[in-house]
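None of the figures in this text is laboratory data; all of them are computed from the coordinates on show. Quick caveat, the model's predicted, so the values are computed rather than measured. When we count neighbours, we look across all protein chains shown, and the Cβ atoms used for this are built from the backbone with ideal geometry, even at glycine.
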Amino acid sequence: MNSYDDLEQYCSNTAVITGHSEEISYAELLETADNIGQQLPNRCLVFVVCKNCFESVAGYIGFIRARAALVLIPDAIDNKFFAKLLETYKPGYIYLPKEQPLLLSNVEIVSSHRSYTLHKTNYCIDYSLHDDLAMLVSTSGSTGSRKFVRQSYGNVNSNAGAIGQYLGITSADRPITTLPMSYTYALSIINSHLLKGASIILTEASLMEKRFWEALRDNNATTFGGVPYSFEMLQKLRFEEMDLPSIRYITQAGGKLNLDLTSEFVENCAQKDIEFIVMYGQAEAAPRMSYLPWQHARTKIGSVGIAIPGGKFWLEDECGNEIIDSDATGELVYQGDNVTMGYAESRFDLRKGDENNGILHTGDLASRDADGFYYITGRKKRFLKMYGHRVNLDEIEDLVRAAGHNCACVGTDDKLKIYFTKPGENDRIVSYVSKRTGINTAGFVSVYIDEIPRNESGKVLYSALG
Amino acid sequence: MDNKQKYDQVFIDCFSIDKSTLNEDLVYNTIESWDSIGHMGLIAALEEAFDIVMETDDIIDFSSYEKGFEILLGYGIEF
């Protein structure tokens, strides 16, 4: 089952509008995509270094149609980390931009596709791929972890279909990109729109650049998505004063938007006749699990809404029993065809089948009101959502320790605090963590302390760190 | 501190960079810290330092260290 096999039905539609305002039809997109896909002799693993450009999208679709399993990698990836990923997963092929400054050794160029080239590696392929495995997606959206989620073809189809249904996506829609396509939320926007025959406006520019707004206006974009910090930018840009007649709806995901900003955007969008849709998801659910229908945006502020079509939510208490009462807090559990197969931490996990059986314990704490709307209230696990990226505090500690520093991390979604015990290293630690995670240094603060507080059994006393 | 010094200090503080890098080569997205998030911080810091509120068009047009002089001039800030 692979809906990308059916894109031919949209042949004459425009599939992609590039950063140079070049319009590319589905027929042309598929020709390029299949040309790239045909270079692969058999089912194999491909690293795709992504940019928001035509070549990247064409490669993505070509590989999916050719039944290659993909790993989507942001082009901003750090060289050292890329090398580690290569050693961990030993892909058969690497598809990347020609000007990419990544170091490749023992590879040969197979083919060239405009600004991208396809390389074959010389790795001894000592692993196999499960038949259902479509792609590996990063859990963090950033580049800090080697742990990926295993998404099946069924996951991609199911989630893209559900999103298309609740957003009412049609072939007339024209989403503009705001986030890198290697990021699971951005990819779901691309998937859900391509499978409806819509036209994707691709741009490398951020909301803070003139080029973005020119592309949006010149191409009559009908929608875009944003993570919480995107809305902080839009606020800074005085969104309320903008004239955006072509925009039909705006979605928000990638972390919880604070209540003030939510209210502000609900009102401002209503005035502009724009549907504002708050959503919730995780890479583990490929990624969408819920949405707040825009008609309820005002009355259910702060809610992540209801489960997507085909999905189901419930809450569990600490013993794993279902919580029936409304307004009680428990762990949010989701069931649906989009729940991914499980994790991969190395190439030897790629042969594994479905380990989740359609059920995901989200690790988020939530409550449900009497009308059945869900509200995220906290987290069971030690992670933050920084600029839309999931950041696991334990993984950051491992990263800093690997660089030879004793440390402990705590923080909030807008500031991760790194406590460490070696004087005079503040700036170096922040720039190191920023580089390795791909997150701006503004998100981190390093604090020197004499000693990491621990209890008698040696566990870090996080409560003693502010 | 005169306006030029104030302006320079905002860049130095926001992007953790050295004074010697403040020149015509300092352009949006050419250093890691000046990405979209860094840009938001830069604009907020400039608004505070000069007690101004910048227009949308100026925020998105503020693409380099050099360009900034021209934009701030529009708010009566002379260098």
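What the table below lists for this structure:
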| quantity | calculated |
| --- | --- |
| Mean ellipticity per residue at 222 nm, deg cm²/dmol - from DSSP H runs of n ≥ 4 across chain A, formula -39500 (n - 2.57) | -7500 deg cm²/dmol |
| Hz values of 3J(HN,Hα) by residue in segment B:71-79 - Karplus curve (6.51, -1.76, 1.60), Gly and Pro given as x | 5, 5, 4, x, 9, x, 9, 9, 10 |
| Euclidean distance between Cα centres, segment A:314-385 to segment A:215-252, Å | 31 |
| Karplus (6.51, -1.76, 1.60) ³J(HN,Hα), θ = phi - 60°, over segment A:276-285, in Hz, Gly and Pro reported as x | 10, 10, 7, 9, 9, x, 8, 3, 5, 10 |
| Test item: Cα-centred dipole of segment A:3-377, Lys/Arg +1 and Asp/Glu -1 on Cβ, debye | 900 |
| Computed log₁₀ I(q)/I(0) - Debye formula, equal Cα scatterers, no solvent, the protein assembly as shown, q 0.06, 0.08 Å⁻¹ | -0.29, -0.54 |
| Volume of the Cα convex hull of segment B:3-73, divided per residue and given in Å³ | 79 |
| Alpha carbon centroid spacing (whole Å) that separates segment A:64-104 from segment B:22-79 | 35 |
| Options A:216, A:434, A:156, ranked by Cα towards positive dipole end of chain A, top entry (Cβ charges) | A:434 |
| Filtered trypsin sites (Lys or Arg not before Pro), segment A:53-137: DSSP coil and at most 14 other beta carbons within 10 Å | A:98, A:114 |
| Translational D in µm²/s for segment A:82-209 (Stokes-Einstein at 25 °C, 0.890 mPa s, Kirkwood Rh from C-alpha pairs) | 145 |
| Built amide H within the under 5 Å cut-off of residue A:377, gap 5+ | A:365, A:366, A:367 |
| Selection from A:88, A:329, A:268, by position along the positive dipole direction of chain A (Cβ) | A:88 |
| Chain A: relative contact order in percent, alpha carbon pairs under 8 Å with at least 6 residues between | 12 |
| Links that overshoot a 25 Å alpha carbon limit, given the list A:417/B:4; A:80/B:19; A:415/B:4; A:417/B:19; A:51/A:90 | A:417/B:4; A:80/B:19; A:415/B:4; A:417/B:19 |
| Cut-off under 5 Å, modelled amide H: who pairs with residue A:110 long-range | A:118, A:119, A:120 |
| Sequence of A:188, B:36 once ranked by neighbouring C-beta atoms within 10 Å, starting from the fewest | B:36, A:188 |
| For residue A:226, distant residues with modelled amide H under 5 Å away | A:251, A:252, A:253 |
| Value of Rg/Rh across segment A:316-437 [Cα atoms, Kirkwood radius] | 1.07 |
| Spherically averaged projected area in nm², based on the convex hull that wraps the Cα atoms of segment A:383-464 | 5.1 |
| Where GluC sites (Glu not before Pro) fall in DSSP loop in segment A:49-110, at most 12 other Cβ within 10 Å | A:99 |
